[in-house]
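J.: Mind having a look at this structure? Questions to follow.
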Amino acid sequence: MAAHVTNTLPDHWKYVSEGGATIVFSYFGPSNPQFDGTVLRLRKTLATSVEESSFVENTTDGEQDDPMLEFQHKCMERLIPVEHLPRLEPVHIDRTWLESLAALRDAERPEDRRRRDRIDVTRTKGILATDLVGGDWVAVEIKPKWAFLPNPAHLSDATRSIKMQTCRFCMHSAMKARAGDAVPLGYCPLDLFSGDETRIRTAIYGLWAAWDESKGTVNNLKIFVRGRKITRDEASLILSSDVDAAMSTEDIREHFTAALLPLLLDTPVLLTLSKIQRTLDPLDIEGLSHLWRLRETTSPPSTHAALGTDEPRDEPHTAAPIDVSSLVLTSPEPTTSDWIDFLDTYLSETIPQLDHTYPDLDNLRYYLLAYLLSATFKDCSIIVRLERLRPETLAQAVKPEYVTVIDLDPKAMSRLRKWEKLDHEIVTSYAAVADNRKICIDSRG
Ligand SMILES: [Zn+2]
């Protein structure tokens, strides 16, 4: 039986953070076994949308559980050990309650987010999750991004030498920096994923420098103390309250690094993420794009059918004149059961390995889904929980399950073309960098 958030007051939920699709509040009301130590994750809707049409209610059982729950339980738990995932469960909400929460907390949201979207008050279910940032500890949220250099087999002559030398994240950062955005230029994900102590230290310094210089606006590192995201001016909050808070920021960085480093070295999570990303993206977007264009030009049976000879009437592609380039990518978005089937193949040890050097057109759907799932892991974050720092006792072991993977949402097929275009922009832009091209080392490749 799902809990009813409406048994609590909106005043008892404080704003924590938000992403593109969801917004998160944490419970800080009177002790309540159902809600202590939890956060409420709610769907958002565009500020301009007509709210009544934003969600279709299931007339018999009320609203379905958020598909995110099923995706996590049936898919993500097969890839990431459950001790490294937040606990998620459905929870009932209602419009009146959501409206008062929105009225109460909207002013705390970032200005640009408020202009774009708002809480979807038409929903009747939300997600209750473990509150990873809200207790009396330091929660370090890292968005590691791309963990590997691509397989060179499918890169063009124009991109191969560039993509094999500089990782996707560092090239993208360089492009954003030229556009004037704050980016962590000193951070390379391949350092973080290297498994090497010196390189992980470099990665932490790079993240810290960007956190420091951007006043916390770069989203690859966020630091929370008691549920609140802190800025560099509040860096001393990382320390235990009985430690001299007059310490310099550099000293705090050293203690922070000394506490975080052994956890990042010990946790199996980084290696798992890098393996998953790499094995789900064996073609690079260039090879994948080549494959889907091949499908479009080789006129497989489905294309002949779509051209209008003997296609069944209910087939969605028959009505409109064929837009060849969209045929593959507008195939229906994967459902949870498609993801389950995909994982059965991906995780199967008995099915012969696919030859990624000569990918078979028949496996196009597999490669599309693999790339989408890889994107989920390229965009997820990890949260590492540390005791508030006491420099003299740093050596004490902290449990490895204090590393949790979050933001594992499925990505939509409709984004593939955007990614293809972005990849082209990034590599073209980096090709124009004449000297001082960054050298990123993929030690897991
Ligand atoms: Zn790099």
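J.: So if I take the centroid of the Cα atoms in segment 334-380 and the same for segment 229-246, what is the distance between those two points in Å?
T.: Between the Cα centre of segment 334-380 and that of segment 229-246, the gap is 45 Å.
J.: For residue 163, give me every one of the aspartates and glutamates with a C-alpha distance below 18 angstrom, ignoring sequence neighbours fewer than eight places off in its own chain.
T.: Within the straight-line limit of under 18 Å, residue 163 reaches these aspartates and glutamates: 191, 281, 284, 286, 420, 423, 425, 435, 442.
J.: Can you list residues whose amide H is under 5 Å from residue 239's amide H, if they're 5+ apart or on another chain and H is modeled 1.01 Å from N?
T.: 389
J.: Still on this structure, I have one more. Which value, in debye to the nearest 20, describes the size of the charge dipole of the chain about its Cα centre when Lys and Arg Cβ atoms bear +1, Asp and Glu Cβ atoms bear -1, and nothing else is charged?
T.: On the way: 52 positive and 68 negative charges, 221 e Å.
Dipole size: approximately 1060 debye.
J.: Next question, about the same structure. Can you compute the FRET efficiency between residue 240 and residue 444 using 1/(1 + (r/R0)^6), with r the Cβ-Cβ distance and R0 = 30 Å? Round to the nearest 0.05.
T.: Once the sixth-power term is evaluated, E becomes 0.25.
J.: How high is the FRET efficiency between residue 250 and residue 348 when r is their beta carbon distance and R₀ equals 35 Å, given to the nearest 0.05?
T.: On the way: r = 50 Å, r/R0 = 1.44.
Step by step, r from the Cβ atoms, then E = 0.10.
J.: Taking the simple approach of a point 7 Å from Cα along Cα-to-Cβ for both residue 99 and residue 418, what is their distance in nm?
T.: Label-label distance for residue 99 and residue 418, simple model: 3.2 nm.
J.: Pop the C-beta distance of residue 108 and residue 179 into the FRET formula with R0 = 35 Å and round what comes out to the nearest 0.05.
T.: On the way: r = 28 Å, r/R0 = 0.81.
With R0 = 35 Å, the Cβ-Cβ based efficiency is 0.80.
J.: At what distance in angstrom do the alpha carbon centres of segment 172-224 and segment 78-112 lie from each other?
T.: 27
J.: Bin width 10 Å, alpha-carbon pairs only: give the P(r) of the chain as whole percents, running from 0 to the bin holding the largest distance.
T.: Answer for the chain: a P(r) of 4, 18, 27, 27, 17, 6, 1, 0 percent.
J.: Taking H as built 1.01 Å from N, whose amide H comes closer than 5 Å to the amide H of residue 64, not counting residues under 5 places away?
T.: Here the answer is 58, since their amide H atoms fall under 5 Å of that of residue 64.
J.: Helix-only mean residue ellipticity at 222 nm, the chain, DSSP H runs n ≥ 4 weighted -39,500 (n - 2.57), per residue, nearest 500. What is it? Each step should come with its number before you reach the end.
T.: Details: 15 runs with 158 residues, N = 445.
So the calculated ellipticity at 222 nm is -10500 deg cm²/dmol.
J.: As a footprinting exposure proxy, order 175, 76 by other Cβ within 10 Å, with the fewest listed first.
T.: Result, fewest neighbours first: 175, 76.
J.: Any idea how far apart residue 387 and residue 87 come out in nm if each label point goes 7 Å out from Cα toward Cβ?
T.: Reported label-point gap for residue 387 and residue 87 is 2.4 nm.
J.: Using 0.36 nm times the number of residues separating residue 215 and residue 46, minus their current alpha carbon distance, what extension gain do you get?
T.: Value of the extension gain: 58.0 nm.
J.: Quick check on the chain: of the DSSP beta bridges with both residues there, what percent are antiparallel, nearest 5%?
T.: So the antiparallel bridges amount to about 95 percent of the total.
J.: Could you give me the ³J(HN,Hα) list for segment 107-117, computed from phi with Karplus coefficients 6.51, -1.76, 1.60 and θ = phi - 60°, whole Hz, x at Gly and Pro?
T.: 5, 7, 7, x, 3, 5, 5, 5, 5, 7, 8
J.: Let me ask something else. Report the antiparallel proportion of the DSSP beta bridges in segment 3-131 as a percent, rounded to a multiple of 5. Show your work: numbers first, answer last.
T.: Values: 22 of 24 bridges.
Expressed as a percentage, antiparallel bridges in segment 3-131 total about 90.
J.: In addition: Hey, fewest Cβ within 10 Å first, where do 374, 348 land in order? Working shown, then result.
T.: On the way: 374 22, 348 9.
Ascending number of Cβ neighbours within 10 Å: 348, 374.
J.: Here's a follow-up. Placing +1 at every Lys and Arg Cβ and -1 at every Asp and Glu Cβ, with all other atoms neutral, what dipole size does segment 3-131 have around its Cα centre, in debye to the nearest 20? Provide the component values of the computation, followed by the final result.
T.: Values: 17 positive and 23 negative charges, 69 e Å.
Rounded to the nearest 20 debye, it is 340 debye.
J.: Separate question: Highest mean first, how do 214-225, 107-118 rank when packing is the count of other Cβ atoms within 10 Å averaged over residues? Could you put the intermediate results ahead of the total?
T.: Values: 214-225: 19.4, 107-118: 13.2.
The densest-packed peptide leads the list: 214-225, 107-118.
J.: Moving to a separate point now. What is the set of long-range amide H partners of residue 151 at a cut-off below 5 Å, with H atoms built 1.01 Å from backbone N?
T.: Counting only residues 5 or more places away or on other chains, the set is 284.
Read-outs: derived from the displayed coordinates by stated rules, not from any lab. A quick note: this is a predicted structure, and the numbers were derived from the prediction, not measured. Every residue, glycine as well, gets a Cβ built from its backbone with ideal geometry; the counts of neighbours run over all protein chains shown.
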